[in-house]
Each structure stands twice: as C-alpha cells, then as structure tokens.
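Student: This structure is in structure tokens; I'll ask about it shortly.
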Amino acid sequence: MTYLDVVNKVLLRLRESRVDSFTSDYAQMIALFVKEAVDEVELAWSWNSLNTTVSLTLVGGTASYSLTGLGNSFIVDVVWNETKDYEILYPVPSNYINGQSVADVSVSPVACGIYGVDANGDPKLVFTPTPSDADTVTVYAKTRSTYTGATSDIILCPWEPVYYGALWRAMSEKGEDGGAMIDEIYAMFQ
C-alpha cells in the first residue's frame, strides 16, 4: 500500500476529495499524519513485513562493507556466514574492532559491528578479523518504511492501523467528523 492510497482513504472518510499528489496544504498535512502513524505502528511491533536481508560477498583483505538499502533506521538481527554456515558475532563494541591487529587476517571473520556511514549515507559493517576468503554473508535486519514525500512511497507495515492512526490525527485536527467519535477512532487505532 502506498502513502497516496492511505491519504486518499483518510480523505474519503473525512468527506474530502481524493488527490493524485500532495500539492495542496491539506493533502500534505494528511500525508504527514500518515507518516506519523507509520512511525508509531512500525515501532509498536516486530512486524514480519519489516524483515529484510542484505547479501554481501566478502573480499580478501577488505574489512568494511556498505549495507546498501537499509537506510538510517534499522535493527540488525543476525549476521550469518552462508558459505561456512555459522553466525558472526554482532554487535561488538568499536574498541574491540579497533583493538584488533590490522595484519590479523583470518580465513573468516568472527565478529562485526556498524561503524559510520559511506558517502551515500548507507551504514558500514566492519568485520574482524579481516576476511581472506570470498565468503557470502547475509545480514538479517528489520528496516522501516521510507517516506520521501512521493506518492509512490510504500508503507511496509500493515496499513489498517496506519489508516486509523492517521484518521484519528486528522479528526483531532479538524475538530469534528459528524459521524464517529474521535475516541472510537482512537480505540480502533490502538
């Protein structure tokens, strides 16, 4: 479901006209209510729809890898070496990574942590010891919906609680609905 889909559902419930874009001030406000509801819903539960993976192919002598596509709001659940079938310890503190010898090259890394971002703003995962083999590693993570303001932005979590959360916010701002009580909509959101 897209942000535009939910915005239009809220607008219809408020007896307002559907929109094709967020150009009007009112549509922008409803889109922000949807964004706030998405944030609250995604933080409220460990939704399966937020699960994602990032696959990395390690290169001998390279310790740092960008996690492209995770954005800036994510939680890493597990880092798994697919080639050798074992879990890589995550997260380890930066002083552990920094305390390892640069010359310490192993067949496969045993620990890793996220330290900084690359030029694109993607998080950097640093392994220790520095790998020497071309192992495949999978990072299992939970991410969040990205809202850029585009009508095509996708909502990853279930849309129903998002709809009720945005509707409750919009009804509270409007001050009336002429039908349902604000408390009833809030209860449905909860």
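Student: Against the condition of a type outside the set (A, V, I, L, M), open to solvent by 50 Å² or more (accessible area, probe 1.4 Å), free of Cβ contacts under 8 Å to residues at least 12 places away in the same chain and under 26 Å from Pro158 (Cα atoms), how does Asn48 come out, does it pass? Please lay out each step first, then the result.
Tutor: On the way: of a type outside the set (A, V, I, L, M): yes; open to solvent by 50 Å² or more (accessible area, probe 1.4 Å): yes; free of Cβ contacts under 8 Å to residues at least 12 places away in the same chain: yes; under 26 Å from Pro158 (Cα atoms): yes.
For Asn48, the condition - of a type outside the set (A, V, I, L, M), open to solvent by 50 Å² or more (accessible area, probe 1.4 Å), free of Cβ contacts under 8 Å to residues at least 12 places away in the same chain and under 26 Å from Pro158 (Cα atoms) - is met.
Student: Within region 167-183, track down each residue that is at pLDDT below 70 and surrounded by 14 or more Cβ atoms within 10 Å (Cβ to Cβ).
Tutor: Of everything in region 167-183, those that are at pLDDT below 70 and surrounded by 14 or more Cβ atoms within 10 Å (Cβ to Cβ) turn out to be Asp177, Ile182.
Student: Still on this structure: Name the residue, out of Thr52, Thr83, that is in contact with a Leu (Cβ under 9 Å, 6 or more places away or on another chain) and part of a loop (DSSP other than H, G, I, E, B).
Tutor: The conditions single out Thr83.
Student: Is it true that some residue in region 60-72 is open to solvent by 70 Å² or more (accessible area, probe 1.4 Å) and out of contact with any strand residue (DSSP E or B) (no Cβ under 8 Å at 6 or more places or on another chain)?
Tutor: No; the residues of region 60-72 include none that is open to solvent by 70 Å² or more (accessible area, probe 1.4 Å) and out of contact with any strand residue (DSSP E or B) (no Cβ under 8 Å at 6 or more places or on another chain).
Student: Same structure, new question: Could you tell me which numbered condition Val117 fails, if it satisfies all but one of (1) modelled with pLDDT of 90 or more; (2) crowded, with 17+ Cβ neighbours inside 10 Å?
Tutor: (2)
Student: In this structure, does Gly60 turn out to be in a loop (DSSP other than H, G, I, E, B) and closer than 25 Å to Thr143 by Cα? Step through it out loud before you land on a result.
Tutor: Details: in a loop (DSSP other than H, G, I, E, B): yes; closer than 25 Å to Thr143 by Cα: no.
No: the conditions fail for Gly60.
Student: Considering region 145-166 alone, what residues qualify as being under 11 Å from Ala31 (Cβ atoms) and buried (at least 20 other Cβ atoms within 10 Å of the Cβ)?
Tutor: Ala166
Student: While we're here: Suppose the filter is open to solvent by 40 Å² or more (accessible area, probe 1.4 Å) and at pLDDT below 90; does Val105 pass it?
Tutor: Values: open to solvent by 40 Å² or more (accessible area, probe 1.4 Å): yes; at pLDDT below 90: yes.
Yes, satisfied.
To keep it simple, each residue is scored yes or no on (1) closer than 30 Å to Glu160 by Cβ; (2) hydrophobic (A, V, I, L, M, F, W, C).
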residue	(1), (2)
Trp47	yes, yes
Leu50	yes, yes
Ser73	yes, no
Asn81	no, no
Tyr96	no, no
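The values are calculated or read from the model by the stated rules, or taken from the named source; none is laboratory data. Every value quoted in this text rests on a predicted model; they were computed, and no experiment measured them. Because the Cβ atoms are built from the backbone with ideal geometry, glycine has one as well, and the counts that use them run over all protein chains shown. Note: accessible area is taken over every heavy atom of the protein model, side chains too, but ligands, DNA and RNA are not part of it. Shrake-Rupley method; radii C 1.70, N 1.55, O 1.52, S 1.80 Å.
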